[in-house]
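Asker: Just passing along the structure, written as structure tokens.
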Amino acid sequence: MSFEPKIVGFLCNWCSYTGADLAGTSRMKYLPNVRVVRIMCSGRLDPTFVMKAFSQGADAVLVAGCHPGDCHYQNGNMKTLRRIPLLRRTLAQLGIEPERLRLEWVSASEGERYQSVVNEFVEQVRKLGPLNLELDPSVERAAG
Amino acid sequence: MEVATPFLEVAEAIEQGGAEDLNVCYQCATCTGSCPWGFVEPLNVRRLIHLAQLGLEGYEGEDIWRCTTCNTCKIRCPRGVGIVDLIRSIRMMIGETGLIPQSLRAALGSTKSEGNPWSGERKLRNKWAADLGFTPFDKNEHEYLLFACCMPSYDSRSRKLVEAVAKVLSAAGIRAGVLGSEESCCGESIRKIGDEGLFGNLAEGNGKLFAEHGVERVLVISPHCYHTFKNEYPELGTSVQVTHMTELMASAIAAGKLDLKKPVDAAVTYHDPCYLGRHNEIYDAPREVLRSIPGVKFTEMIRNRDCSLCCGGGGGRMWMETKFGERFSDLRIPEALGVGADVLATACPYCINMFEDSRLNLNKEDEIRIKDVTELVAEALA
Amino acid sequence: MADEKLRVAMFWGAACGGCDVALLDIHEHILDVIEVADIIFWPCAMDFKFKDVEAMPDEHLDLTFYNGAIRNSENEHIAKLLRQKSKLMAAFGSCSHMGGIPGLGNFHDRKSIFETAYLNTKSTHNPDKVFPRTEFEVPEGKLTLPEIYDTVKTLNQTVPVDYFIPGCPPNPEQIWIVIQAVASGKLPPKGSTVGASDKALCDECPRKKTELKFKQFKRRHLVHPDPEVCFMEQGIVCLGAATRAGCGWRCIQSNMPCRGCYGPLPNARDQGAKMLTAIASHIDSEDPEEVERILDTLPDPAGYFYRFGLPLSLLHRRQRRNA
Amino acid sequence: MPKKIGVYICHCGSNIAGTVDVEAVAEFAKGLGGVTLAKDYKFMCSDPGQDMLKEDIRSSGLDGVVIAACSPLMHELTFRKAALEAGLNPFLVQIANIREQCSWVTEDRALATQKAKALVAGAVARALSHEPLEMRRVEVQPSALIVGGGIAGIQAALDLADAGVQVYMVEREPTIGGHMAMFDKTFPTLDCSACILTPKMTAVGSHPNIQLMAYSEVEEVSGYIGNFRVKVRRKAAYVDHDKCTGCGLCMEKCPYKVDSEFDQGLSKRRAIYVPFPQAVPNKPVIDRDACAYFKKGKCRVCEKVCEPGAIDFEQQDSIEEIETGAIIVSTGFQAMDMTAMPQLGYGKHAEVYSALEFERLNNAAGPTLGKIVTKDGREPTSVAILHCTGSRDENYHRYCSRVCCMYALKYAHLIKEKIPEAAVYQFYIDMRCFGKGYEEFYQRLQEEGVRFIRGKAAQVWSGKEYRAIATDDTGLEVDDAQLVVQAEDTLLGKLVRVPVDMIVLTPAFEARDDAEQVGKAFLLNRGADGFFLEQHPKLAPVSTTNDGVFIAGGCQGPKDIPDTVAQGSAAASKALSLITRREIEIEANTAYIDEELCSGCKNCLDICPYNAIDFDDEKNRAVLNEALCKACGTCAATCPSGAIRARHFADDQIFAEIEGVMSI
């Protein structure tokens, strides 16, 4: 059986989540590997969430927000635009290929784009292979 | 009236042959109305598309072979249908049944055996290069590989063009090398004729050659080579940076590397080759070059830039006989004369060939000269 | 009366010894400690044997201060043993709290560390490529060494910990406060962090802050920072905003930026990620290419963000899948 | 006490159940920690579905609910309301979107079911970490701002003002009226545009409840639903409109002329001008770029002739601040620039007109006083009207501009009415006459003798050009003044060339060039076509994702006058329904700064796009102004110490959801 990546998707409520909904109302088919966590703005994307998703076994993380200039909250997406590159650099040092974290701009009217972003990303991650996180689950314990 | 029944298997085969967007055509007929055949023997492009949508026959006649792939219909199509790809796909299907016009069969045969559609011997390919001082391509020495089209090897008019190229490159201090006779036709027209297999072989062979020699940047004189290297070879795994001679000259002039001192006193008009203009949107570079030649009085023809009239030589038409009076190049000469030009400049060996023929046929040898932009630049070099 | 005195242990795992020194840095208060507590086990300061501990009944010790990370099998064995023998277990210092400096080993693994230490450093002469082994036969018998692990763990990742005392090392004043609390029985609920503030270091830092914008990052050793102005505003990465206060801002006073030894704040699961976001959010550009150029001036970001806390972080270590 | 979560898997008829094994998902949910009951049901949003939910909340004492159904953007409010009615805090409801993002987009039943389970697990984990939140109540300012004074804005303004609402109307141009003021007749009834529009314009100008701010632009918008604060730039007119009597003497005497924008450049206006005689307000403004005094420092003729002394060259732009409860954006559209299609010869041949030019040419108050004549004064004997120029075209605009077919018919009628012997050709692809009385109008024009050629016009040449290039001999003779249109008549399968004296193009309706900027100011999303995006294409056509801001008319997409007016009224009614509530509830998921944890690091200060975070220097703490917070959560994602909590999207809640969705 081919490797089915598990991907966590953080979608902003106003553009990307709505765009993903539009893909649905338009009955566009795409691969089911992305599990979406809705956030109000891509600016809400705390890098901790990405670390958390990887630590829970995600093979990749998709972050999608409004196009630059179209942010429902004026410029929240610009904060994400700045955070993702540093996060990717940090992840690379932690042995996680930067390609496993993808930032895309998907507007509310781009159902088709969401479809192709998901399909492409899943295939890309499939090529990268499973992350096989090296993490002893027994060590996760409340820490001070 | 005939009775027709749709035959969707055929429609699907055409779609799969490269006309994926066939079905979005809404039959507005912008294509028919834009087709250069309009002033000769109108070609009903719209009808061809609709026949294809329903998989109906109707391609037995000559119509499907008349298209010059000039791309006018394609760039105006409101639904963005890849009409040229559609024509190619239909031709491919017909080709499989062997119903290719005789003259094209000769071109394909020659290309298969000798690597060029001109029935010329392979060993003669690029023989001109040494005479003009070009050395075999060496990636450490040369900035560009000069890929000069098949024509200069087998056609005396085109030979003059490469002489001009040699002069201009040397004046600009640009180092270009050539490949030998193992190089083959770029295959652009072959693909348009519908021989996808042969095209694939040519592209693969040239691609391998490029790779072996470490070619990264290719300089071309033919817009047809330009088009296929830039837009079709990458799909087949060969990615090189392609520069057309007019682009190279425009930037060399802008950088002050070409000293155009000698006036060329002529009223010049410029014919946009389809594959440089409409297919690749290079409209300004050749005009910038012409405007910087001292003495040149530049005028536009009525049909210019993306409205330019095709010379009639694309899409395999180079090797097909077109009746006298039906040749687009025959229409173009009077148009150039009509705007007072005594030089019709262009930037494509096919166009030059077509126009030179028309000039003779129309008995206009004394009234107009046909020049490649490069040749005019060479003239202006002291 | 001896029986009423607290029975206390102090042990060092993968540590530098600084924590043990810090305990002594409470100076004359050590005498007060003796008043209320018997130090039953403190290998750094007094002579004890593991077997003495093994012989104790369970929960014989009232409190164990464990400093140092879990780096090898001995660290782990003693941690488990002491846990069994102690009523309360406190992680003492950054290493046991979150991995500390030994935790940087999680950017590597045993093999690469050994190769660096025993083979590749310029000062090493080891033509026979001899590496430490857990067992070695000599005529006198079998010699053993603890097994070094690939991954460094925190104490809490090894045994349940009741209290966390952060710091590299913990501030002696804070240590004294903790000891007083233990002595008086006024300890907060188990699981708490003690001897540190719930606010970030900025709360105590007196430097001036006006506006934060990064056009370029600067490395501390290449500049002379203005001692009055926030390091971050001078382009120097300072982890103070993502790090608990309680250290007495010793580094800041020496004109050195905070490096994060007091660990994450109560609501921050991953100290490095939190610092990352605060820094990145203030990069002064909205052009992706310029952002990359600015980030080029910040070498080794993970090293900054996880200098002390990689084992405690969400990802624990560098993933070696593609190593 | 452990939480009790109820999980409901909606079939949505076959929309979900057709692809997702809903029973299996319900069974799976039963096994999740914290889940007290899990059910699947045909239609959760139906009354019986909601009743079941309410009953369960009451009888089982649920303290959290997960509805696995359609998108939360669809029915989250429905289920929150139901929960509230059953006594459960609405924020304890979590939606798992297993329709739009699962059943509708996944073909394989097993994979869809698997994904649905993951999403439900995420929702359950999240519901377990939810905390009750209180909705905030805010007062609504009893006023409305209307941006753009075309027919949409005019209609909305009058509806609202008649209902007693204080209306502010901001119009960029010196007059209201918009595009409709340029038209002569309106299809299909052919009533005179000015006759039906002018009274409404006057009513706006004189209504006691409307403050008209013409020659003004919105500079900045802040605040939130019910309480917007808007800065309006009143552009300097260099005429004191309080003193001006509107006598018009200044315009008569002004010696400088420039092209009239209103007449599409077909006539001239003065440097001091009103765009057209029925303008509202009917007070002139000075065009700085055309005025000799501003350019060269000399002239001041207008000042000399103005008896009331209203001319004021020293006037400056001023900023006025408005507080308003609702905003209606009705900024209109623009017509595409036809020089983009060089094959049609617009801008090159004098007798190729854009639609708006033809409207003016044909208008009784226009440059030719309604005479349809060529630029050199001839009455055309033949006119071609080319449809779909720039519309339905991948190269320009994919959409249909919706009105061109109809006004093209109207033009044909007007030409026939004025020049009965003229031949009128319509080059069309499809005739789209969908409105009331439209198809009948089409038939009427056929009866009037208009010729329909089914084929898009591909090329236009001047007679001179044609003679130079037409090398075939079709017997067609054209003179210099004529134009030739070439198209295929697809019904004949023949190429046709038609010589005409005049050509009218139908430029696509476009989003205005400044739509991006306006969208940003009012926080409106735009569709792929560039027009402002409504909240829902069917059920919320004038609402937007920015609560309290509504859209109407051409700024939302191409539409005709009846639809535009209907939207104007619809937007007014939405605004009115908001304003008359006087007080509204707004989302409670704002950020919260824990003073006990904030260290005063100041990282959050410049992060908030709404300046909702202030700094208390005395306490050395960041302080949140909840009224300004719009809950984006960007501050929480920036705070390095975790002191800012994004309510309802807090770290622990998102963590729980991540753990949930990754659990299988």
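Asker: Compute for the stretch D:555-664: radius of gyration divided by Kirkwood radius, i.e. Rg/Rh, restricted to C-alpha atoms, rounded to two decimals. Walk me through the numbers before you get to the answer.
Answerer: On the way: Rg = 20.2 Å, Rh = 17.1 Å.
Reported Rg/Rh, Kirkwood definition of Rh: 1.18.
Asker: What is the Rg over Rh value, at two decimals, for the stretch D:249-305, using alpha-carbon atoms and the Kirkwood definition of Rh?
Answerer: 0.96
Asker: Could you list, bin by bin from short to long, the percent of Cα-Cα pairs of chain B in 20 Å steps?
Answerer: Percent of pairs per bin, in order: 29, 58, 13, 0.
Asker: Could you work out which residue, out of C:N106, C:N156, C:N267, moves most in a Gaussian network model of chain C, that is, has the largest mean-square fluctuation with Cα springs under 10 Å?
Answerer: Result: C:N267 has the largest fluctuation of those listed.
Asker: Of B:K297/D:K348; D:K231/D:K304; D:K81/D:K538; D:K348/D:K410, which ones are farther than 29 Å apart at the Cα? Working shown, then result.
Answerer: Working: B:K297/D:K348 22 Å; D:K231/D:K304 34 Å; D:K81/D:K538 22 Å; D:K348/D:K410 26 Å.
Those over the limit are D:K231/D:K304.
Asker: Specify the residue with the greatest mean-square fluctuation among B:R317, B:R332, B:R105, computed from a Gaussian network of chain B linking alpha-carbon atoms under 10 Å apart.
Answerer: B:R105
Asker: What's the angle, to the nearest 10 degrees (0 to 90), between helix C:73-85's Cα axis and the longest principal axis of chain C?
Answerer: Approximately 60 degrees, to the nearest 10.
Asker: Please list A:11-17, D:652-658, C:315-321 highest first by mean number of surrounding beta-carbon atoms within 10 Å per residue.
Answerer: The most tightly packed comes first, giving A:11-17, D:652-658, C:315-321.
Asker: Under the definition of Cα pairs under 8 Å and six or more residues apart, what whole-number percent is the relative contact order of chain D?
Answerer: Numbers: 1418 pairs, mean separation 92.5, N = 664.
Normalised by residue count, the contact order of chain D is 14 percent.
Asker: Same structure again: Can you compute the helix-only [θ] at 222 nm over chain D? Use -39500 (n - 2.57) per DSSP H run of at least 4 residues, normalise by all residues, nearest 500 deg cm²/dmol. Intermediate results must be reported in sequence, preceding the final value.
Answerer: Details: 17 runs with 181 residues, N = 664.
Mean residue ellipticity at 222 nm (helix-derived): -8000 deg cm²/dmol.
Asker: Tell me which DSSP H helices of chain D clear both cut-offs, 18 Å or more of axial length from alpha-carbon atoms and a mean Kyte-Doolittle hydropathy of at least -0.5. Before the final figure, lay out each step's value.
Answerer: Numbers: long enough: D:47-60 (19 Å, -1.38); D:72-85 (20 Å, -0.09); D:109-129 (30 Å, 0.57); D:193-206 (20 Å, 0.83); D:404-418 (21 Å, 0.11); D:561-579 (26 Å, 0.73).
Membrane-span-like by this criterion, though nothing is claimed about a membrane: D:72-85, D:109-129, D:193-206, D:404-418, D:561-579.
Asker: Can I ask one more? Provide Rg and Dmax in Å for the stretch C:201-305, with only Cα atoms included in the calculation.
Answerer: 13.3, 40
Asker: Rounding to the nearest 10 and keeping the result within 0 to 90°, find how far the Cα-based axis of helix C:172-184 lies from the longest principal axis of chain C.
Answerer: Long axis of C:172-184 versus the principal axis of chain C: about 50 degrees.
Asker: A further question follows. Below 8 Å, C-alpha to C-alpha, sequence gap of six or more: please give me the relative contact order for chain B in percent.
Answerer: 16
Asker: How far is helix B:349-361 tilted off the main Cα axis of chain B, in degrees rounded to 10, range 0 to 90?
Answerer: 90
Asker: Taking N as the number of residues in the stretch D:347-428, what value does Rg over Cα atoms divided by 2.2 N^0.38 Å take?
Answerer: On the way: Rg = 13.3 Å, N = 82, 2.2 N^0.38 = 11.7 Å.
Rounded to two decimals, the normalised Rg is 1.13.
Asker: In deg cm²/dmol and to the nearest 500, what is the mean residue ellipticity at 222 nm of chain B if only DSSP H runs of at least 4 residues count, each as -39500 (n - 2.57), divided by the residue total?
Answerer: Working: 18 runs with 165 residues, N = 382.
Rounded to the nearest 500, it is -12500 deg cm²/dmol.
Asker: Sticking with this structure for a sec: When 1/r is averaged over all different Cα pairs and the result inverted, which Kirkwood radius in Å belongs to the stretch B:6-95? Kindly include the intermediate steps, with their values, before the conclusion.
Answerer: Values: mean 1/r = 0.0785 Å⁻¹.
Over the stretch B:6-95, the inverse of the mean reciprocal pair distance is 12.7 Å.
Asker: Related question: State the cysteines of chain C left without a partner when partners are defined as other cysteines whose beta carbon lies under 4.7 Å away.
Answerer: C:C16, C:C19, C:C44, C:C95, C:C205, C:C230, C:C238, C:C247, C:C251, C:C258
Asker: Once you've got the Cα coordinates, tell me which of D:K185/D:K268; B:K230/D:K494; A:K6/C:K274; B:K192/D:K494; D:K42/D:K436; B:K371/D:K375 are over 30 Å apart.
Answerer: Values: D:K185/D:K268 23 Å; B:K230/D:K494 37 Å; A:K6/C:K274 25 Å; B:K192/D:K494 26 Å; D:K42/D:K436 39 Å; B:K371/D:K375 41 Å.
Among D:K185/D:K268; B:K230/D:K494; A:K6/C:K274; B:K192/D:K494; D:K42/D:K436; B:K371/D:K375, the Cα-Cα distance tops 30 Å for B:K230/D:K494; D:K42/D:K436; B:K371/D:K375.
Asker: What are the semi-axes of the equivalent ellipsoid for chain C, taken as the square roots of 5 times the Cα gyration tensor eigenvalues, largest first, in whole Å?
Answerer: After diagonalising the Cα gyration tensor, the semi-axes are 36, 28, 16 Å.
Asker: Follow-up question, since we're still on this one. At q = 0.03, 0.07, 0.08 Å⁻¹, work out log10 I(q)/I(0) for the protein assembly as shown with the Debye formula, treating every Cα as an identical point scatterer and leaving solvent out; two decimals please.
Answerer: Log-scaled intensity ratios, in q order: -0.21, -1.04, -1.24.
Asker: Still on this structure, I have one more. Out of the trypsin sites (Lys or Arg not before Pro) in the stretch C:1-78, which ones are loop residues according to DSSP with at most 13 other C-beta atoms within 10 Å?
Answerer: Hits after loop and neighbour filter: C:K49.
Asker: Please identify, among A:L62, A:L86, A:L45, the residue showing maximal mean-square fluctuation in a Gaussian network model of chain A using a 10 angstrom Cα cutoff.
Answerer: Of the options given, A:L86 has the highest mean-square fluctuation.
Asker: Only helical DSSP H runs with n ≥ 4 go in: add -39500 (n - 2.57) per run for chain C, normalise by residue count and round the 222 nm mean residue ellipticity to 500 deg cm²/dmol.
Answerer: -7000 deg cm²/dmol
Asker: Where does the stretch B:257-380 land on Rg(C-alpha)/(2.2 N^0.38 Å)?
Answerer: 1.01
Asker: Sort the stretch D:4-77 into rounded, prolate or oblate with this rule: let a ≥ b ≥ c be the square roots of the eigenvalues of the Cα gyration tensor; rounded if a/c is under 1.5, and if a/c is not under 1.5, prolate when a/b is larger than b/c, oblate otherwise.
Answerer: It is oblate, given that a/c is not under 1.5 and a/b is not larger than b/c.
Asker: Give me log10 I(q)/I(0) at q = 0.18, 0.20 Å⁻¹ for the stretch B:130-265, Debye formula, one equal scatterer per alpha-carbon, no solvent.
Answerer: -1.03, -1.25
Asker: Sorted from largest to smallest, which semi-axis lengths in Å does the alpha carbon gyration tensor of the stretch C:114-154 give for its equivalent ellipsoid, taking the root of 5 times each eigenvalue?
Answerer: Ellipsoid half-lengths, sorted descending, are 22, 19, 6 Å.
Asker: Still on this structure, please answer the following. Over all pairs of distinct alpha carbons, what does the Kirkwood formula give as the hydrodynamic radius of chain D, in Å?
Answerer: In chain D this quantity evaluates to 29.0 Å.
Asker: Ok, one more. Under 1.5 on a/c is rounded, so check that first for the stretch C:73-148, then, if it is not, pick prolate when a/b is larger than b/c and oblate when it is not; a ≥ b ≥ c are the square roots of the alpha carbon gyration tensor eigenvalues.
Answerer: Working: a/c = 3.85, a/b = 1.42, b/c = 2.70.
It is oblate, given that a/c is not under 1.5 and a/b is not larger than b/c.
Asker: Once the other residues with Cβ under 9 Å from the Cβ of C:A280 are scored (Lys, Arg +1; Asp, Glu -1), what is the net sum? Intermediate results must be reported in sequence, preceding the final value.
Answerer: Details: positive: A:K79, A:R82, A:R83; negative: none.
Computed value for this residue: +3.
Asker: I want the local charge near D:K243. Using Cβ-Cβ distances under 13 Å, sum +1 for each Lys or Arg and -1 for each Asp or Glu among the other residues.
Answerer: Here the charged neighbours net out to -4.
All of the numbers you see were taken from the coordinates with simple rules; none came from a lab. Keep in mind that this is a model prediction, so the values were computed, not measured. Cβ coordinates were reconstructed from backbone atoms using ideal geometry, including for glycine residues, and neighbour counts include every protein chain displayed.
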